[in-house]
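Quick note: the coordinates plus some simple rules give every number you see, no bench work behind them. The structure displayed is predicted, hence computed values, not measured ones. Neighbour counts are summed over all protein chains in view; Cβ atoms, including those assigned to glycine, are modelled from backbone coordinates with ideal geometry.
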Amino acid sequence: MATSAAVPAMIPTENAIPPALLKVCFALFVINATFFPAAYVSHCWIYDANGQGIPTDFINVFAAGKLVLQETPALAYDWDIQKQVELDFLKQDFPGYFAWHYPPPFLFVASLLAQLPYAAAFVGWVSISLLPYLAVMRAIVGRAFGLLLAVGFPMVLSNTLVGQNGFLTAALIGGTLYLLPTRKVLSGICLGLLTYKPQYGFLFPIVLIAASEWTVFFTAAATAVVVALASWLAFGAESWQAFFHWMPTFSQAFLVEGKATWWKLQSLYSVVRYLGGVEQLAWTFQWVLTAAVAATLVAMWRSHVRYSLKAAALAVGALLTTPYLFMYDMMVLAIPVAYLIRLGITSGFRAYELPALAFAVGLIVIFILFGIPVGFVATATVGALILRRAGPWWRPAPARASVAAAIGA
């Protein structure tokens, strides 16, 4: 009786998808699928009613690519020059900057897209980067429902609207984790390519070392070196010098002065700043959280917790430990959600899990529509579900001899 009482209530699914989950995902998919054709026709996406480009994040990719084609890739990092190129293509002014701040390897992508007309490059980038994300989500969930879950995720709308790279980031993190148990070299390649977003790579080396995943570790390192060397050969040492030269300016603008407005960042750091906290206080909270997450992940990855929970926890940790978490990168949250959905479908959902996931989705919708930085709470909610699923994994299992002695007594 005591054992039965300790087991959380489960929603029996018989390896089926709960109808409520299916309906919600389908409704969100319909919203995402119908929004963009309607927005384009009504001149709310890509081009306005005057035929001018609408200022969005994608223009920085396109402009950087044009500077590469003009054989001046290092100038992409100069905020004023980059903005002038953007103005030439959009044919209208806009406040602030869409600055280029990615490491030089991402200039390969930018230069390919810049060879297309602007609208084709915009739609092409979103469509092509969507494909690996769909493949990873399908693989993690283990059935076709993963595709519906992927396209129904609320951040699909936000990421597609501005032409950002959230699909690619989610695909690389998800690919790293999904492939790690069986295809370690491919997993390492995915992780090495993730260096285009270095703020999400902090935890991976720590966890890989703790878990003695040396093949993945060294493959990722080699991939990162090869990609960096290729960009150095293609775009010159000046591009790397410009990248490091402009990094302090970017950090000052977005993490100190809040030029992008704090609600667009979904980290603990940004929440503290949004609520009026000073920079030092925000960094204190962020570093304490980072240390706690890193320690938890090391312990979890050295434990006997099932791999799907370890993978989901690492994906959540990648989001929690960076102060620079723009709203479109919340696409990565789809990866741990996919792992939780897979566990729920195959072994039953606990009574609180689907309501908690609905709560997290609701928070994402709130920050998209109302500009309130509650994405951090959504991430923390998913993290809490993962830890609850893992159970008391931090407790060492009793030795066989101790168990036998206890039975004998």
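Side notes on the structure shown:
- Among the lysines of the chain, pairs at least eight places apart or on separate chains and with Cα atoms under 24 Å apart come to 13.
- Within the listed set Val288, Val365, Val225, the Gaussian network model of the chain (springs between alpha-carbon atoms below 10 Å) gives the highest mean-square fluctuation for Val288.
- Residues Ser42, Ser303 in ascending order of nearby Cβ atoms (within 10 Å, fewest first): Ser42, Ser303.
- Per-residue ³J(HN,Hα) for the stretch 355-364, Karplus 6.51 cos²θ - 1.76 cosθ + 1.60, θ = phi - 60°, Hz, x for Gly and Pro: x, 5, 5, 5, 4, 4, 4, x, 5, 4
- Residues considered: Val377, Val30, Val337. Largest GNM mean-square fluctuation over the chain, using C-alpha springs under 10 Å, is found at Val30.
- For Arg350, the residues 5 or more places off, or on other chains, whose built amide H falls under 5 Å of its own are Ile11.
- Think of the chain as a dipole: +1 on every Lys or Arg Cβ, -1 on every Asp or Glu Cβ, centred on the Cα centre; then among Gly236, Ser347, Ile206, Ser347 lies furthest on the positive end.
- Ranked for footprinting exposure by Cβ neighbours inside 10 Å, fewest first, Phe254, Phe167, Phe58, Phe94 give Phe94, Phe254, Phe58, Phe167.
- Alpha-carbon Rg/Rh ratio, for the chain, with Rh computed the Kirkwood way: 0.99
- For the chain, the 222 nm mean residue ellipticity estimated from helices alone, with every DSSP H stretch of n ≥ 4 adding -39500 (n - 2.57) and the total spread over all residues, rounds to -21000 deg cm²/dmol.
- With each label modelled as a point 7 angstrom along the Cα→C-beta vector, the Ala38-Ala20 pair spans 2.6 nm.
- Around the Cα centre of the chain, unit charges on the Cβ atoms of Lys, Arg, Asp and Glu (plus for the first two, minus for the last two) sum to a dipole of about 1640 debye.
- Euclidean distance between Cα centres, the stretch 326-373 to the stretch 57-127, Å: 32
- The local environment of Leu161, defined by Cβ-Cβ distances under 15 Å, has a net charge of -2 under the rule Lys, Arg +1 and Asp, Glu -1.
- The residues Lys66, Lys91, when put in order of fewest to most other Cβ atoms within 10 Å, stand as Lys91, Lys66.
- Global form of the stretch 52-165, assessed from the alpha-carbon gyration tensor, a/c cut-off 1.5: prolate
- Neighbour count of at most 15 Cβ within 10 Å plus DSSP loop: longest GluC sites (Glu not before Pro)-free window in the chain: 72-256
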